[in-house]
Every structure is written in structure tokens, then in C-alpha cells.
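> Before I ask anything, let me first share the structure, which is written out below as C-alpha cells.
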Amino acid sequence: MLKRILASLFMAAALCAPAQARVDEVTYLKNGVYSGKIGTYALSGALYLDAAQAAKLIGGKIYWYPVSGKLLLQIKGKKVVFLMKSDSVVINDEAEQFPNPMIVRGGKAFLALNFFVSKHFADAFGFKLEYNPATGALAAQRAVNITSINYFSHQDKTRIVVYMEEPLEWQASQKENNLFKVTIFGGVVGREEKLSVGDGAVRGVDLLQENKMARVVISPDENFGKASVFKLSTLTGWSSTSRSWTCRCGRP
């Protein structure tokens, strides 16, 4: 009888135990080169990275305030703020929804791996990270150099502007299906975008990421006429550099 009671108590304790967790490591690669290891904590199927180790290898630093449960991750002047027991992060002073971004174990702060590979991270810091669960490797990709795309409708034309962090070469072409495409060599987008225009000249615009290049695909509308592509120059210090280009789609 006593053995049965003890067995029952043991089973009850096992059922009441916290979700299974384990501590491990991931490998960090920068441009394919080994940079170091990052400690991890796996909890309920989600993987978290040691915040201090991750920040150091990625090229940033953290400011951890354990009393308030606040952590600031800063990389090259850009910052993201995490709070304990919060389902949001503050990216460059703007709040974004993100479930369970941070946990604390043994006095250490751990940040969700899902955040590091999310569009929020790429938007905040200007480069992408990718995780390979088969190899346990977290890899830094090339820096984002195409930040956004926008359009401006005018009476005689539609202007489509691509904003870049550096001058890039491109090639424009128009296919038999009338799609107008601009290939940007070496372009890395923060995230793919799809713009719905519908102004009579342009139906929509897609910004796509492909291998070693980005592509802008313009879907013409019934009044689509001649299209031309040119650079817009901005003054930086003492030199003029092309930091964006415009596709002007005229009406016939």
C-alpha cells in the first residue's frame, strides 16, 4: 500500500513539473565563416539564445536591467527593447507584436531564436539571419541594401521609387506578357513587398528577392505606356551618390 502511495505521489510530481527544457549551443557563421558558439535554452519547443553571447558575436551589445526585467539590444546605433512577460518588442521606439520574446534563466537573459530570424530583426538592424536546424547553425547574410519601395501617381505618369543604401547596377526588360521587370544586381531586400496601385497605368508592383539579386516586377494596367528607368542622386557630404532609382511609367 505504501509503495502504491509513493508511486502515485511520484507520478503526480512528474505531471506537475515544468515543461521540459534543456541547455545547448548553436554555431554562429558570418559570411560562411565560423565565428563562435551561442548558448541556448529550449523551452516547450521554442529555442532561446543567450542574449549576451548572441549580441557579442553579431556585433552589438546588450544592456540588461534584471530588476525591471528590461533588456536593450543595440547594433550600430539601432536598438530593440525587450521586456519580461511581454508579447511585444520595441523596435527603434515603435512597438511590434511578438510572442514570448525573452525569458530569464539563472540570472541570464535569453532571446527567442524566432526573433533573430524574423523580419523584425532585419528591419531593425539592416541584415538577415538564417537558422539551419539540421546543422544547428545561425548564419548572417549579406547586409540589406534595398530598404523599401513606393509609388506616386500623377496625371501623366506613375513613378515607382526603390530606396537603396548603396549604388547598385540594374537591367530593365519587358516580356511578351507585357510585364516590366528591373533586375537589381547584388540587391538584398529587407523583406519582399507587394504594392497594389491600380491607377490605370500600373496595376501593381512586386519587390522580390532572388539568388544574388533583387527584382522589381511591374504589372501594367490598360493605360500603360512607355517606361523609363533612371537614378535619383542625393548629396552625401561632398559627393553625390545614387541612393535610389525611379521607374517612370507614362500613359500613352
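> Considering only Cα-Cα distances, which of the following residue pairs are longer than 28 Å: Lys79/Lys157; Lys37/Lys194; Lys108/Lys212; Lys30/Lys119?
Violating the 28 Å limit, Cα to Cα: Lys79/Lys157; Lys37/Lys194; Lys108/Lys212.
> At a 10 Å Cβ-Cβ cut-off, how would you order Phe230, Phe115, fewest neighbours first?
Ranked by crowding around the Cβ, least crowded first: Phe230, Phe115.
> A further question follows. Starting from the Cα of Val117, step 7 Å along the direction of its Cβ; do the same at Asn100; then give the gap between the two resulting points in nm.
1.6
> Calculate the spin-label point distance for Leu72 paired with Lys194, positioning each point 7 Å from the Cα along the beta-carbon direction, and give it in nanometres.
For the pair Lys194/Leu72, the computed spacing is 3.9 nm.
> Given a Förster distance of 25 Å, report the FRET efficiency between Ala42 and Glu210 from their Cβ-Cβ distance, rounded to the nearest 0.05.
So, using R0 = 25 Å, E works out to roughly 0.15.
> Going by Cα centres, the range 158-214 and the range 69-90 are how many Å apart?
Each part's Cα centre sits 33 Å from the other's.
> Using a Förster radius of 35 Å, what is the FRET efficiency between Asn177 and Asn132 based on their Cβ-Cβ separation? Nearest 0.05, please.
About 0.45, to the nearest 0.05.
> May I ask which residue of Tyr34, Ser88, Tyr65 lies farthest towards the positive end of the charge dipole of the range 20-142, with charges of +1 (Lys, Arg) and -1 (Asp, Glu) on Cβ and the Cα centre as origin?
Result: Tyr34.
> Can you sort Lys76, Lys157 by how many other beta carbons sit within 10 Å, fewest first?
The order, fewest Cβ neighbours first, is Lys76, Lys157.
> Could you please rank His120, His154, placing first whichever residue has the fewest other Cβ atoms within 10 Å of its Cβ?
Values: His120 19, His154 12.
Listing His120, His154 from fewest to most nearby Cβ atoms yields His154, His120.
> Still on this structure, I have one more. When the Karplus curve 6.51 cos²θ - 1.76 cosθ + 1.60 is applied with θ = phi - 60°, which whole-Hz ³J(HN,Hα) does each residue of the range 148-165 get, with x for Gly and Pro?
Here the 3J(HN,Hα) series is 6, 9, 8, 9, 9, 8, 10, 5, 10, 6, 10, 9, 10, 10, 10, 9, 10, 8 Hz.
Each value in this text was obtained by applying a stated rule to the coordinates, not by laboratory testing. Note that the coordinates shown come from a computational prediction; the quantities given were computed from them, not determined experimentally. Positions of Cβ are backbone-derived with ideal geometry, glycine not excepted, and every protein chain shown enters the neighbour counts.
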